[in-house]
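Written below as structure tokens is the structure these notes are about.
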Amino acid sequence: MKYCIFILLCFIGYTTHAQSIQIDVNKTEFSTDEPLILTITVKNVSGRIETPQFPEIEGFIPGGISTSMSSTFINGKGSTETKFIKQYFAQKEGKYIIKPFTIEINGIKTVSPEYVLHVKKGIHPPRQPYRPKTPQEIEKEKELQKGKWM
């Protein structure tokens, strides 16, 4: 019985933390060699959390999305945090503006601030957009691989 009451109290403490969504960028001044990292942090939102819709940023190539999750209990109070992280790669130097955008997760909405980005020219050329290989390119690679190992 004491164990059931303890679990109930932990659950009540766990659900009383404020729910929030926060949107951040890693920096606003960087070079074409460095990624822009946009992070959406979701705190104490119950239920299944779908990956949010990240914005398209003109002049940037989007990278993949990674996710991290953590749960903590401190003095009987629990909290959860889920981070969705997406990289973007600038195609050329210049000034870019990320206009405010809205994120909604499980009925909770937040609006991002406007970000002004300053991109300098890097040492290496910018990343190119992903382009699937054609069947001819795949066959050519296979032929090259056969030649290396024979």
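For the stretch 95-108, the condition holds for no residue, the condition being that it is β-branched (V, I, T) and at pLDDT below 85.
If I filter the stretch 123-135 for residues that are in contact (Cβ under 8 Å) with a residue 12 or more places away in the chain and part of a strand (DSSP E or B), do I get at least one hit? Scanning the stretch 123-135, I find no residue that is in contact (Cβ under 8 Å) with a residue 12 or more places away in the chain and part of a strand (DSSP E or B), so the answer is no. Among the residues of the stretch 97-124, those identified as more than 30 Å from I49 (Cβ to Cβ) and loosely packed, with under 10 Cβ neighbours inside 10 Å are I123, H124. Residues that are of a type in the set (G, A, S) and surrounded by 11 or more Cβ atoms within 10 Å (Cβ to Cβ) within the stretch 45-70 comprise G59, G63, S66, S68, listed in sequence order.
What do you reckon, is I40 part of a strand (DSSP E or B), over 20 Å from E93 (Cα atoms) and modelled with pLDDT under 95? Judged against the criteria, I40 is not a match. Given the criteria buried (at least 16 other Cβ atoms within 10 Å of the Cβ) and either modelled with pLDDT of 90 or more or on the phi > 0 side of the Ramachandran plot (or both), does T28 qualify? No: the conditions fail for T28. Only one of T102, T67, T110, T51 is over 23 Å from T28 (Cα atoms) and either of a type in the set (S, T, Y) or without any contact (Cβ under 8 Å) to a residue 24 or more places away in the chain (or both); which? One residue alone meets the criteria, T51.
The values are calculated or read from the model by the stated rules, or taken from the named source; none is laboratory data. Values in this document were obtained by computation on a predicted structure and should not be read as measured data. Because the Cβ atoms are built from the backbone with ideal geometry, glycine has one as well, and the counts that use them run over all protein chains shown.
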